[in-house]
Each structure stands twice: as C-alpha cells, then as structure tokens.
Amino acid sequence: MATSDGRLTAVYDEVVARNPGEDEFHQAVREVLEDLGPVVGRHAAADVEVIRRLCEPERQVLFRVPWADDEGRPQLNRGFRVEFNSALGPYKGGLRFHPSVYLGIVKFLGFEQIFKNSLTGLPIGGAKGGSDFDPKGRSDAEVMRFCQSFMTELYRHLGEHTDVPAGDTGVGQREIGYLFGQYKRITNRYEAGVLTGKGLDWGGSRVRTEATGYGLVFFVEEVLRASSGSLDGTKVVVSGSGNVAVHAIEKVHQLGGRVIACSDSAGYVVDEDGIDLDLLREIKEQRRGRMSDYAEARGRSAQHVGDGSIWSVPCDVALPCATQNELDEAGAKQLVENGCRVVAEGANMPTTPDAIRLLRDAGVSFAPGKAANAGGVATSALEMQQNATRDTWTFEHTEQRLAEIMHSVHDRCLETAEEYGRPGDYVAGANIAGFLRVAEAMLALGLV
Ligand code: GLU
C-alpha cells in the first residue's frame, strides 16, 4: 500500500486478513487509508485505533430469503445488511439487488457510504445492504414476494432512528414500495422515515429520484467553475443508462452541455446530435429495451457499438454512472489522449485505482463518487427531515437545498485538500474531510 505510515499499512493488512476474498472491500479501504498518511499525527482524531475500528462494521446481518416464483417453485437468495458506522446518525445507505452481490460488495459500498454521508454534513451514519436476487425478467408479483420475504427478516434491524435503507442498483420506487408495505404491515406503524426513495403520495421527497444525477452535474459545474470554465458547450460522455445516468444527462442538457454517448451492459450508443432523452426514457422505462433499440429508433444520427469501450468517444467531461471498476487504465488513457478535462463518478467506485492514478498524473480533474454522487443520499436525508416534520417541500426548494449541499461538499473537498498539501486533489480532500468528521464523533462517543 502506498503510504509512508507503517501503522496504516498494518491496519490495511489486518483488514485483508480478517476479510479474505473480499477484493472490492480491500480496494475501498486501501483508497481511503492511502490518503490518511498526512493526517495521522497532525490531527487528534486521526488516531490509528479509531481508523482500525472504522474499518470493522458495527454490525453485519446475513439472512436467508426464501420465496416462491410464479410457478410456485421455491427460490432461495441471500440477504445482507452491513451497518458500518453510526457515529454521525442512524445507519443510512441503499439496498442493491444484483446477482453480483456478496458480502465483499456490500462492505465496500457500506465503507464508502460512511465517508460520503459524512461529507454531506448531514446527520447520517453509513450502511449498505442488498441481495444476490436478480430482478431482471421477474414479474411484478415475483418482485413483490421477494421484497416481502426480504423485509420479513430485515424489519427487526430497521427504524427511523436506527437504520434507514433506500435504493441502489436494482432497487427503485417499486421495490421500496413493496418493502415499505411489508414493514408497515409487520410493525403496524406508518413510520415513513424508515426508508427513503418512497413515492410522493406515501412519504417520498421531490427530487429524490433525480438527486444523484442532478447532484453529480452540480458538482461538475463547480469543478469547471474552479478553473473558470462552465458546462455550456461541453461534450459529455455518460456510461450507463439507469436512474443516475438519465438524470445526469437531463441536467447536463439543462445547463447547456451535450451528452453524446451512453451505454448499457450490451454496448454503447454515440449520438452526435445529443442523446434524445424522451426517446431514451421511452425505450428504457416503458419498453425495458436496450441501447441498440434506441439507436434503431433514433436513425441516422446514432450509432450503436456492441463491443469496444465508451471511453474511446472523444469528450470534455466523462461521467461513469454504471458500476464498480468500469473505467480501467486503458479507458483512462483514451480519455486523456482525447483531451478529456474532467472525470466525475456517478456510480460507486467505477474507476480502478490504476485509472485514477493515470488521470491524476495527466492533470485531469477527478471527482470521486463519495463526493460527486453524494446528492442521492443527501436528498434521502432531506426526505427524512420532511418525514420527521410531516411536511412536503416544493421541487424548487428541494433542488435548491441539493445544489447548496453539492456546492458545500465540493468546497469542503478542495479546502481540505489544500490544507493537507494536496491542492486540487478531490480524492484526498474527500477522504480526509469525510474521515475527520466521523473520527471526531467516534472519539467524542468513547470506546463503543
Ligand atoms: N444508494 C445511494 C448511494 O450510493 C443512495 C443511498 C441512500 O439514499 O440512502 O449513495
């Protein structure tokens, strides 16, 4: 591990030894610890024992999720909730339903969530959960039965003051609805603040659906502004075509930029006229179609590429919004060669460590997900505020709050990076600032 402090290397080695085979978790821990070297010894809260405790989840819940498919056949999945840290507030973080989910993925996401949530400045701890359930190709009734079975175990660990899940990959408003319905039935409480990402009629917040994508673009605007630039007239490439990608595209277009490519797991589309968002929405959300269907429907201006890398498309700004480790060193090299100036992560940890190094060395502004995609969870915290006061805010007010939060996350990263001798380094700024707020709270709360 690249740190001058042997005590941090020892903490990392212990994490690897205690969590064998959990590569994504090791990667997430390593990325943070590598930046804490300059802080240890300079700040009282940067106590190595606090760092060591921070790397061990407070609680990990693993459970069986049995359910019956539409043919009445028994199915079996595994459920997870890793309650990582509650020094700043109730555990908070999404649920991911995807066949790739195992304990190492949930731990990596939960660990990242601690720092992300801390950076928002809001009172939320860090957690993550999910299942290896694959919602693809499942009927509504099957998804409902799965969600009900999942919640039948998980409900006992949740509560508006205890642990508040939300969505992530594979978990949107439909799944949150079924999960909330089952929680309400089991507990006999309309405890709206126990889950976020709810529908507007049943305790949801305006802007929550848009928040991660919009927040990402607000962050990019600040990055560009820091070098006297703006989004106006920029060419942008967005990987993915899910909730984060769609709303990032929407906000880029609102602010005068042009998104010329996006993707799904079967390839990418280049559309030099700019992605037609209405068409994309129709294809993805109503027809549950693929990017190849988009290209076909769009006609001449769009080209579908089935193999190859979306990062070979020349752009000024690249926004990886699909999944972890999707932007590797080769992709980063192509971005640099084509003159890309900003890379900001809409997904969680989509850029590999080698790619980050290459981008930083080439002088590309790189915004890590724990800062750049914090708008989603920040708006979840705003949803909790509305639930607690039994209030609902307007779209304009909520979006304004989101924009303010993203600006302050941006400034906190830059100021902290500067203070610790890493000017312009958003990764170091995010890791150090996120860490210090949690570590100070952990010290104040004693050995618990
Ligand atoms: N899953 C989202 C994230 O990665 C949102 C979590 C939440 O709203 O609690 O931050």
Report summary line: Rounded to the nearest 0.05, FRET efficiency between residue 307 and residue 361 (Cβ-Cβ, R0 35 Å) equals 0.80
Report task. Just reorder 384, 406, 1 by solvent-accessible area, largest first, 1.4 Å probe, all chains present. Result -> 1, 384, 406
Requested in this report: For n ≥ 4 DSSP H runs only, could you compute -39500 (n - 2.57) per run for the chain, divide by its residues and tell me the 222 nm figure to the nearest 500?
Outcome: -14500 deg cm²/dmol
Query raised in the report: Could you give the nm distance between label points at residue 52 and residue 160, where each point is 7 Å from its Cα heading toward the beta carbon?
Result: 3.9 nm
Report summary line: In the chain the DSSP beta bridges are antiparallel at a rate, in percent to nearest 5, of 55 percent
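Counting only protein chains, not ligands or nucleic acids, how are 232, 316 ordered by accessible area (probe 1.4 Å), most first?
232, 316
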Requested in this report: Please give, to one decimal in nm, the separation of the simple spin-label points placed at residue 102 and residue 296, each 7 Å out from Cα toward the Cβ.
Outcome: 3.6 nm
Requested in this report: Please arrange 235, 136 by accessible surface area, largest first, computed with a 1.4 Å probe and ligands excluded.
Outcome: 136, 235
Query raised in the report: Quick one: if you stick a label point 7 Å off each Cα along the C-beta vector at residue 14 and residue 354, how many nm between them?
Result: 3.1 nm
Query raised in the report: residue 309: accessible area at probe 1.4 Å, nearest 10 Å²?
Result: 40 Å²
Query - Nearest-10 value in Å² for the accessible area of residue 147, using the 1.4 Å probe - result: 0 Å²
Report task. Could you list, in their original order, any pairs among 198/251; 92/235; 198/235; 92/333; 198/333 whose Cα atoms are separated by more than 30 Å? Result -> 92/235; 198/235; 92/333; 198/333
Report summary line: Probe 1.4 Å, all chains present, heavy atoms only: residue 73 accessible area in Å², nearest 10, is 130 Å²
Query raised in the report: Which loop-located trypsin sites (Lys or Arg not before Pro) does the stretch 165-226 contain, where loop means any DSSP state but H, G, I, E or B and the Cβ has at most 13 other Cβ atoms within 10 Å?
Result: 189
**Report entry** Positive-pole candidate from 154, 131, 106, dipole of the stretch 92-190, charges at beta carbon
**Finding:** 154
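The values are calculated or read from the model by the stated rules, or taken from the named source; none is laboratory data. Computed from a prediction, not measured in an experiment: that's the story for all the values here. Positions of Cβ are generated from backbone atoms using ideal geometry, with glycine treated the same way; all protein chains shown enter the neighbour counts. When the accessible area is computed, the model is the full protein with side chains, heavy atoms only, and any ligands, DNA or RNA have been set aside. Shrake-Rupley method; radii C 1.70, N 1.55, O 1.52, S 1.80 Å.
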